[in-house]
Amino acid sequence: MSVWKPVACSCALVLAACTQKPPSGGLTAPTPPAQPAAPGGAQQRSDASCAAPIELPGSRVQIRPASGTLRIGVFAGLKDADDENVAHLRKLAAEVVKRGAELIVADGDVGDNPDEQETLLGVLTETGLPLLVAAGNREVRSELDAAEGELRKKGAKVWDLSHSRVVDAGDALIVGLPGTMDRRLLHADGACVYVQRDLDALAAFLDRLPAKDPPALLVMAVPPRGRDRSALDVSESQNVGDARIVPLLAPRRAPFGIFGQVWESGGRAVDGSGKPIEPGAASDRLYLNPGAADRTAWPMADGTRIGGQAALLTVQGRRASVQLVRLPGAEKT
């Protein structure tokens with residue numbers, strides 16, 4: 001019997017806990033052990049519409065021409081649609097727009113039901129900016145489709161990375177892979193799981209991209225497996241991300257990326273070797289965990305508590321930089 005199975009289960013439980021409300025580094029990971037065998041149909045997606053085939057022409061859309069610079073407002077962990085959190089998110093979105101965002105990415109935990117999702121994503125579409133949505137381990141595919149459909153009826157510009165897998169934003173190709181890495185992390189029937197064949201198809205697609213194309217920016221709710229405490233996936237002193245993502249984060253594949261879900265490691269970016277990137281510093285490889293935007297103060301891996309944060313990711317040519325966006329009083333000791 002493989003000794004890795006209980007370890008995998010432990011990591012899965014830790015990663016699942018990261019998606020709950022809080023209680024009152026490097027990307028060069030070693031080759032992961034084989035995934036534990038899944039019974040029956042466990043390797044199938046929980047819903048056939050979770051990820052459109054990335055190679056189909058209809059999976060790619062263009063939303064803006066190249067201008068030399070692309071500024072992306074990055075949100076994750078919107079979580080609750082109560083009045084206080086909605087007001088907080090509205091202020092956070094306004095600050096991101098004030099800093100020059102031209103489109104917004106919402107990366108996982110965007111509400112537990114269609115009403116919440118419509119309200120929370122609606123806060124982001126109120127900005128008038130295009131919105132790209134990546135599902136995580138909580139969003140039921142049919143419900144999220146319905147919520148996004150209601151927003152489009154109101155004139156919102158919404159693309160879901162489950163269906164529009166490649167969004168050409170002129171200065172970057174934003175490539176999405178929705179869902180979580182393990183069925184044990186699902187919080188609802190009908191939420192999404194990606195499997196090895198999805199990762200293989202994504203790798204093959206990235207390998208086929210012409211060198212003249214804009215750089216690829218990978219968006220996933222699950223972070224890559226790191227190897228130290230400066231990584232994007234540290235929870236309770238463990239690296240709990242998916243090691244299978246790491247090979248995708250290569251200069252000729254995806255030099256940039258946005259990841260979420262492990263909120264304790266939010267508000268940080270690393271380069272291709274896992275070294276932290278300071279806010280404002282440009283890098284030819286940059287991978288970001290924006291942290292949870294929800295107003296609830298979250299206990300961070302460095303011992304602080306942060307009540308709501310987002311980021312502004314800027315792509316200029318073949319380099320990227322990031323600014324963290326927090327409202328006054330967000331950081332608590």
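With both residues required to sit in the stretch 176-333, DSSP beta bridges show an antiparallel share near 65%.
Relative contact order of the stretch 169-216: 47 percent, from C-alpha pairs under 8 Å at least 6 residues apart in sequence. In the stretch 196-333, Rg over Rh equals 0.98, where Rg is the alpha-carbon radius of gyration and Rh the Kirkwood radius from pairwise Cα distances. Sites listed here are chymotrypsin sites (Phe, Trp or Tyr not before Pro) in the stretch 144-224 whose DSSP assignment is loop and whose Cβ has at most 15 other Cβ atoms within 10 Å, and the list is empty.
Comparing G68, P53, L103 along the charge dipole axis of the stretch 50-103, the residue lying farthest to the positive side is G68, per the Cβ-charge model.
Of K157/K275; K98/K275; K98/K212; K79/K153; K79/K212; K91/K275, which sit over 27 Å apart, Cα to Cα? With Cα atoms farther than 27 Å apart: K157/K275; K98/K275; K98/K212; K79/K212; K91/K275.
With each label modelled as a point 7 angstrom along the Cα→C-beta vector, the R197-E84 pair spans 4.7 nm. Computed about its Cα centre, the charge dipole of the stretch 217-333 is approximately 320 debye, with only Lys, Arg, Asp and Glu carrying charge at their Cβ.
What the Kirkwood sum gives for the stretch 83-158 is a hydrodynamic radius of 12.4 Å, with every pair of different alpha carbons counted. Distance between the modelled labels on E126 and E236, one decimal in nanometres: 3.7 nm (7 Å Cα→Cβ projection).
A 1.4 Å probe over all protein chains sorts R184, R165, R253 by accessible area into R184, R253, R165, starting with the largest.
The values are calculated or read from the model by the stated rules, or taken from the named source; none is laboratory data. These figures come from a predicted structure and were not determined experimentally. Neighbour counts run over all protein chains shown; Cβ positions are idealised from the backbone, glycine included. Note: areas computed on protein heavy atoms with side chains; ligands, DNA, RNA excluded. Shrake-Rupley method; radii C 1.70, N 1.55, O 1.52, S 1.80 Å.
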